[in-house]
Each structure stands twice: as C-alpha cells, then as structure tokens.
1. Around Asp39, under 13 Å between beta carbons, what's the net of Lys plus Arg minus Asp minus Glu among the other residues?
2. When the gyration tensor of the range 95-153 is built from Cα positions, what are the square roots of 5 times its three eigenvalues, in whole Å, from largest to smallest?
3. Hey, can you grab everything whose amide H is under 5 Å from the amide H of Leu62? Only 5+ residues off in sequence or another chain; H modelled, so Pro and N-termini drop out.
4. By how many nm would the segment from Glu92 to Arg128 grow when fully extended, if each residue of separation counts as 0.36 nm and the alpha-carbon distance is taken off?
5. From the alpha carbon gyration tensor of the chain, can you work out the equivalent ellipsoid semi-axes (sqrt of 5 times each eigenvalue) and give them in Å, largest to smallest?
6. Just to be sure I understand: with springs between alpha-carbon atoms less than 10 Å apart, which residue in Asn22, Asn110, Asn38 has the highest mean-square fluctuation in the Gaussian network model of the chain?
7. Could you check the simple spin-label distance between Ala35 and Ala76, using points 7 Å along Cα→Cβ, in nm with one decimal?
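What follows draws every value from the coordinates through simple rules; no lab data is involved. Bear in mind that the values here come from a model prediction, so they are computed numbers and not experimental data. Methodologically, a virtual Cβ is constructed for each residue, glycine included, from the backbone with ideal geometry; neighbour enumeration extends over all protein chains shown.
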Amino acid sequence: MTELAIRRLTIVDLERLVALENCQPRPWSRRQLEAALNDADGCVLGAVLADRLVGHAVVARLPFEAELQAMLVEPAMRRRGLAAALLEATIEQCRRWGSERLLLEVRAGNAPAIALYRRAGFSEDGRRRGYYPPLEDMADANREDAVLMSRRP
Ligand SMILES: CC(C)(COP(=O)(O)OP(=O)(O)OC[C@H]1O[C@@H](n2cnc3c(N)ncnc32)[C@H](O)[C@@H]1OP(=O)(O)O)[C@@H](O)C(=O)NCCC(=O)NCCS
C-alpha cells in the first residue's frame with residue numbers, strides 16, 4: 001500500500017474534509033468541521049494516502065478527559081487498518097495532553113465501529129437508551145441506544 005501519513009489537519013484542509021465527511025449519511029456540516037479545525041482545545045487528525053484524504057478523527061480535549069467525537073474512513077478504503085492507525089494517533093495525542101481517559105459514544109447497531117474500539121482496548125461503560133434518532137427517517141423506526149466506551153490513553 002502507498003505510504004500512509006497520519007497528520008494533524010488545519011483549516012487549509014477544510015474542503016477535503018467536507019468532501020470526505022459527505023460520503024456518509026448525516027455528515028457534519030461545513031460549519032461544524034470548520035469549528036473543529038479551529039478549536040484550540042481539540043485536534044482533527046487525517047489519514048492521507050498518496051496526497052488523498054481518506055479518513056479522519058476528531059478529538060476534543062476536556063478538563064480531565066478527552067472525547068473522540070468523530071471517526072470516518074472512506075468506504076472504498078475500509079478494512080486496511082486506517083481507522084486503527086487514526087485511533088493510535090488519537091491515543092498518542094491524549095497522552096500528550098495528559099488526559100485521564102479517552103471517551104466515545106457509538107450507535108449500538110454500529111458493529112464495525114464497536115469491533116474497532118474493542119480491538120483498540122476500549123471497554124463499555126454504559127448505555128444511553130434511545131439516544132440517537134433512527135438512521136433512516138422513517139416515522140416508525142426506533143431510536144437507537146448509545147454505547148458509552150472509554151480507555152486509558
Ligand atoms: C468504523 C470505521 C471507522 C472502521 O474503519 P476501517 O479503516 O475500516 O477500520 P480498520 O481497517 O482500521 O479496522 C480495524 C479493526 O476493527 C474491526 N473492524 C473494522 N471494520 C469492521 C467490520 N466492518 N466488521 C467487523 N470488524 C471490523 C476489525 O477488528 C479490524 O481489524 P481486522 O481488519 O484486522 O479484522 C469505518 O467502517 C467507518 O468509517 N464507518 C462509518 C463511520 C463510523 O461508523 N464511524 C464511527 C462512529 S462512532
């Protein structure tokens with residue numbers, strides 16, 4: 001595989017980040033992504049392959065902990081270890097911040113993401129019942145639980 005670079009994204013990367021985020025249902029808006037890139041208390045990491053942005057992770061620094069707020073890999077580039085590499089870099093960033101734990105929330109039905117996080121050493125802390133609206137906007141679809149997970153960086 002062409003050499004992978006994991007690097008911190010800056011405002012210069014906004015257009016590429018918007019394009020990548022738009023490959024999924026319910027993408028973050030341009031405004032949200034711009035705010036994340038400008039947030040001094042956060043970090044947006046990108047996975048870059050042959051100068052193409054193919055994945056990203058958004059992590060926010062909290063007073064004692066850190067929160068993984070988004071993680072995405074382009075569909076055609078999945079199952080090649082890119083999310084695992086992004087997570088490793090995120091954990092390293094949390095160590096530099098001195099965060100006590102790295103927290104995240106994930107849809108209970110998102111088996112790929114839950115498998116990824118378990119494999120990276122996250123364990124389940126609890127659930128928020130009916131936290132997420134249904135993915136398809138169908139009136140009779142059920143809301144989905146959030147699984148709360150964390151690990152020590
Ligand atoms: C979840 C996601 C980020 C994983 O990205 P990825 O680059 O494919 O993940 P990796 O290749 O690094 O996978 C690492 C490990 O995670 C687990 N995993 C990842 N995808 C999986 C899947 N579809 N099914 C089962 N396990 C999976 C496996 O243990 C995998 O190791 P392996 O390939 O050696 O078996 C990607 O599927 C994605 O972008 N999904 C949509 C957005 C999303 O759900 N983000 C998380 C929101 S909380």
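1. Once all neighbours under 13 Å are counted, the net charge is 0.
2. Rounded to whole Å, the semi-axes are 27, 11, 9.
3. Correct list: Glu67.
4. So the chain would gain 10.2 nm between Glu92 and Arg128.
5. Ellipsoid semi-axes (Å, largest first): 23, 20, 16.
6. Most flexible of the set in this elastic network: Asn110.
7. 3.2
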